[in-house]
Amino acid sequence: MNKNKQRMTSKRSPKQNRRIFGQWLFFGAIAIFGVLIIRFSYIAIGHQVAGVNLTEATKKLYTEDQTIAAKRGTIYSANGEAIAEDTSTYTIYAIVAKNQKGADGQVEYVKYPTKVAKVLAKYLPISYKKALKTLHAKSGTFQVEFGTAGKNISLTTKEKIQATKVSGLHFIESEARLYPNGMFASHLIGLTTSKAIKGTEQTRLTGSMGLELALNTKLAGKDGHKTVTASGYQGKTTGGTKVKNGDNVYTTIDSKLQTLLETKMSTVNGLVHPKAMTATLINAKTGAVLATSQRPTFNAQTQSGLSKMWRNLLVEDTYEPGSTMKVFTMGAAIDSGNYNPNITVPTGEYRIGGKVVPDWNTAGWGNITYAKGFALSSNVVMAHLEQAMGAKTWLKYIKRFGLRTSTNTGLANEQSGSIQFTYPIEQADTSFGQGIQVTPMQMLRGFTAIANNGKMLQPYFVSKVVNPNTNKTVYQAKSKVVGQPVTAKTASAVLTHMQDVVYKSYGLGAAYKIKGYRIAAKTGTAQVSNGSTYAVGNDSYLYSVVGMAPAKHPKYIMYITMKQPTLGATSASDNMAEIFKPVMQRALDEQKASETKTKSVKMQDLTGQSTKTAKATAKKIGVTPIIVGKGSRIVKQSVSVGTVLSNKQRVILVTNGQMYMPNVVGWSASEVADFASLTGLKLATSGTGYVDMQSITAGNPIDAKQGLSVKLK
């Protein structure tokens, strides 16, 4: 028993066991340490861990790739005034989580909700009650926003809110587009939308319509990139590609003519409420578009009036032009040798292929000449001319005048038009503008041939494009002849017939006379087609007029269309004349002033000067200053710097103080429009000529919330 127990007992003492265990532990530690040394040596030499390059990974901790956003180019008027330019807008939010503080210990959260709500209600389109309710968010909410009321905030509004020094309000800056003139050739200039840049949190403005879309590549520029390595890692370095800001685009739009046109269009639109209306003024010798507007339109800054169904009527809308087409019919007949001034034809109605061509005066005027038929706008007379030419010849001239081809403006969705020309009655109908679909721009292009000695010009909107990085002009517009439909002799003859429309006792265009100038014009009335039939009723017509002046050698062409107005007691011609006469006269007056031998002056920059100094300077250079307000210095002027003016011409100067109403009796419509634009007054005019009555008495204080009504005589 004792012997067995001895065999089971270890011969090693506890001390020996501890020594052996210590040795194993020592050699194990040596082995582990060796493995670590080998591993770290491998990492140190190869800079790799699990396939990851440690050098690059470390560098990325200190390195940031930055995108330098390109500034979108500015769109200017012909006068050098910005129509569309880059700006910043802000979105406001409030931190409501308690005890949020900044690095400097400053309170970052809304500490006094009632005070903040009052500030928001004062500067944003949100009620105090709604703002306060938003600020009292449920427990656990970190921050809140205020919907559309808190978005697209201007820099001025942001600064006003910040000046109150309430805690908890914060702002996010966003790139935006500023359209300072609001409703100003909006269908032509267009809009931008903000689109997210793939793989980043940034956005970029991209053209969505008008010139903003057509010239997006030029306007957008190219973003730059740079790599910034912080000083904590091998010093600070930069590199990458340089930013290229977008090109600046200078349009052919004359600011004053455009402002006047918009005012007159709004006035007529408010009176007769047409379903659609267009008006465009172009330079007859170059093809440059000087002013263009349409209704419906929209305010480019607020986007008020914009809908998903909105279209650029100038190039996207096709319609049957009616009797303004007779300008081309007369030109084709004369040019092809099929016009005989001595022939008379019966009027009232004309049967062709078993179908009837009616006159607007169904009783007719008996037998009359082609010339008188043109002035009276006889459909029957034009149908006789088409029959005399023959369908083949007439179609050839339709093509020559470009009425079946796009004007290639570069604007989106431009239409080419269409024609019904299979049967004899369809062929005859086109001679007076039915059965053929055109765009306003096609008609304007064709009219240039009559105004420009038979040479047809390409209409254009852009005068030049300038690279802001080099200040070099990268594109310069030039007049472009795109055809010669008729001879110079024919064009002159057509202009003579167009004068008969205005000045003959039986002509239908007397409403378009302008004192001091000879006008050539042609009016038009067309039944509105719905695709298969024609609309019926008193308001189922598209009215139009084309006017050229001075009549013998036109410098300007103006074309107006008005679709299905509610005329009541007024006539379509009287309403269109409300637009045509003041705009055409303004253009002619400015042209006359630039050509006259009387003394002319160049406008200087008077803004920033003291009122007293600016008034004296204005008189010294030869203009008549109209001071608006009693402030100490001038902040706005009605005439752009460098503009050539006639001696003693009025120049409106707005001061920084309270504005007071001047006596505008005797002013022209365009001068009143300038005044309203500068002061922010909503203008309503009636009549034509010069101001005879004004709704705000001279000397009374005014503000931008008021409306000004003037009667012209």
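The values are calculated or read from the model by the stated rules, or taken from the named source; none is laboratory data. Only a predicted model underlies this, so the values are computations on that prediction, with no experimental measurement involved. All Cβ positions, glycine included, derive from the backbone under ideal geometry; neighbour counts span all protein chains shown. Surface areas here come from the heavy atoms of the whole protein model, side chains and all, with no ligands, DNA or RNA. Shrake-Rupley method; radii C 1.70, N 1.55, O 1.52, S 1.80 Å.
Considering lysine pairs in segment 479-519 that are 8 or more places apart or on different chains, how many have Cα atoms under 22 Å apart? Please report the intermediate quantities before stating the final value.
Working: 480/489; 489/504; 504/513; 504/515.
Taking the Cα cut-off of 22 Å, the pair count is 4.
Express the carbon and sulfur contribution to the solvent-accessible surface of the chain as a percent, rounded to the nearest whole number, probe 1.4 angstrom. Numbers along the way, then the final one.
Details: 18620 of 35840 Å².
Here carbon and sulfur together make up 52 percent of the probe-accessible area.
Rounded to the nearest whole Å², what accessible area per residue is found for segment 350-436 with the 1.4 Å probe? Spell out each step's value before the answer.
Details: 3700 Å² over 87 residues.
Using a 1.4 Å probe on heavy atoms only, each residue of segment 350-436 averages 43 Å².
Starting from the Cα of residue 33, step 7 Å along the direction of its Cβ; do the same at residue 665; then give the gap between the two resulting points in nm.
Inter-label distance under the simple model: 11.0 nm.
Please label the shape of segment 613-691 as rounded, prolate or oblate, based on the square roots a ≥ b ≥ c of the eigenvalues of the alpha-carbon gyration tensor (a/c under 1.5 means rounded; beyond that, a/b larger than b/c means prolate, else oblate). Walk me through the numbers on the way to the answer.
On the way: a/c = 1.95, a/b = 1.23, b/c = 1.59.
Oblate.
Using the Cα gyration tensor of segment 561-713, with a ≥ b ≥ c the square roots of its eigenvalues, what is the shape: rounded (a/c below 1.5), prolate (a/b larger than b/c) or oblate (neither)? Don't skip to the answer; put the middle values down first.
Values: a/c = 2.54, a/b = 1.40, b/c = 1.82.
Note, shape of segment 561-713 comes out oblate.
Between residue 633 and residue 369, how high is the FRET efficiency from 1/(1 + (r/R0)^6) when r is the Cβ-Cβ distance and R₀ = 60 Å? Nearest 0.05. Show your work: numbers first, answer last.
Details: r = 66 Å, r/R0 = 1.09.
So the FRET efficiency works out to roughly 0.35.
Does the chain come out rounded, prolate or oblate, given a ≥ b ≥ c as the square roots of the eigenvalues of its C-alpha gyration tensor, rounded meaning a/c under 1.5 and, failing that, prolate meaning a/b above b/c?
Judged from the Cα gyration tensor, the chain comes out prolate (a/c at least 1.5, a/b above b/c).
Quick one: which of 476-484, 516-524 comes out on top by average Cβ neighbours within 10 Å, and what's the full order, highest first?
Details: 476-484: 14.4, 516-524: 22.7.
Highest to lowest by the protection proxy: 516-524, 476-484.
Could you do me a favour and compute the accessible area per residue for segment 75-139, 1.4 Å probe, result in Å²? Working shown, then result.
Numbers: 3750 Å² over 65 residues.
Heavy-atom accessible area per residue stands at 58 Å².
Per residue of the chain, what 222 nm ellipticity follows from adding -39500 (n - 2.57) for every DSSP H run with n ≥ 4, rounded to the nearest 500? Write out the running numbers ahead of the final one.
Working: 21 runs with 230 residues, N = 713.
One gets -10000 deg cm²/dmol as the mean residue ellipticity at 222 nm.
Before I look further, what does segment 577-713 give for accessible area per residue, probe 1.4 Å, in whole square angstrom? Don't skip to the answer; put the middle values down first.
Working: 6710 Å² over 137 residues.
Per residue, segment 577-713 has 49 Å² of solvent-accessible surface.
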